[in-house]
1. At 1.4 Å probe size, with every protein chain present, just tell me what the per residue accessible area of segment 185-241 comes to in Å².
2. Give me the number: length gained by fully extending Gln238 to Asn156, i.e. 0.36 nm times residue separation minus the C-alpha to C-alpha distance, one decimal in nm.
3. Pulled fully out, how much extra length does the chain show between Met215 and Asp93, if you take 0.36 nm times their separation in residues and subtract their Cα-Cα distance?
4. State the percent of C-alpha pairs, over all pairs in segment 50-105, separated by a distance greater than 13 angstrom.
5. Over 18 Å between Cα atoms, which of Lys71/Lys92; Lys188/Lys212; Lys154/Lys199; Lys40/Lys84; Lys40/Lys73; Lys121/Lys155 qualify?
6. Give me the 1.4 Å probe accessible area per residue for segment 23-99, excluding ligands and nucleic acids, in Å².
Amino acid sequence: MKRLSFILSFVVCICVANTNDVFAQKREFQQFTGKVINLKGEPVRNVSIYIPGADRSTSSDINGGFSIEAKHKETLHFSHIGMKDVLLQLNKDFPSELFVRMEPDTFQIHNIFIRKKQVIKVKPEDMPEQTFINVIINNPDFPGGLSGLDEFIKKNIQYPEEAFQAGEEGQVTVEFTIDVNGYVSDAKVTKSVSASLDKEALRIIESMPRWKPGMQLGRPVAVCMSVPINFVIEQDYQVID
């Protein structure tokens, strides 16, 4: 009888201990709330918010607000297309009114080379050795893909004659935004070579056709992008008598 009482007491102790463990684990979690904004202080909706290594996640609402159950010192990961990711370590003493500020992230999609051949006539003994230039182009997000972008740029861009005569060459970088409707907006030169080359690079970017807009959680979003356009004068030597 004593043995049975001991066994029952032992089982009860185990059950109580397990129950306390469950309650203790639940007490570790608390509700954290906050708001996601951009550099202008405007709310950012549809931000993916999750805890790395855990299956707990949420997203910001139309007002940028969010709420998630998490533990003290866990890290929240905020991700949104066209913006830099943000990591935030949680503090149990500050569970509410978390303000997360996200910065725009410029996505460079392409390197484009615009070449114009310069004919140089020299004697046979002055003919330079052949050189070869390898051009590596990264695949961009453009209607028709990389070949479509190359075809559009090279078909429509012109090497400004005044720049060619002056021997001006180099890389002009144009930064722009693809808005929620897929149109180019806010184009500006962020890396300049000369007035005429800058103007032509800006013109061709602003004349690009409509893109398929970026998507975040199934919704179109504006995305900041940049395209480096390389103007190159190729020298073509021809032998003269």
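1. On a per-residue basis, segment 185-241 sits at 53 Å².
2. Details: separation 82, 0.36 × 82 = 29.52 nm, distance 2.86 nm.
Roughly 26.7 nm would be gained on extension.
3. Values: separation 122, 0.36 × 122 = 43.92 nm, distance 3.55 nm.
Additional length available on full extension: 40.4 nm.
4. So the portion of pairs separated by more than 13 Å is 62 percent.
5. Lys188/Lys212; Lys40/Lys73; Lys121/Lys155
6. Here the residues of segment 23-99 average 61 Å² of exposed surface.
The values are calculated or read from the model by the stated rules, or taken from the named source; none is laboratory data. No experiment lies behind these values; they were computed from the predicted model shown. Accessible surface areas use protein heavy atoms only, side chains included; no ligands, DNA or RNA. Shrake-Rupley method; radii C 1.70, N 1.55, O 1.52, S 1.80 Å.
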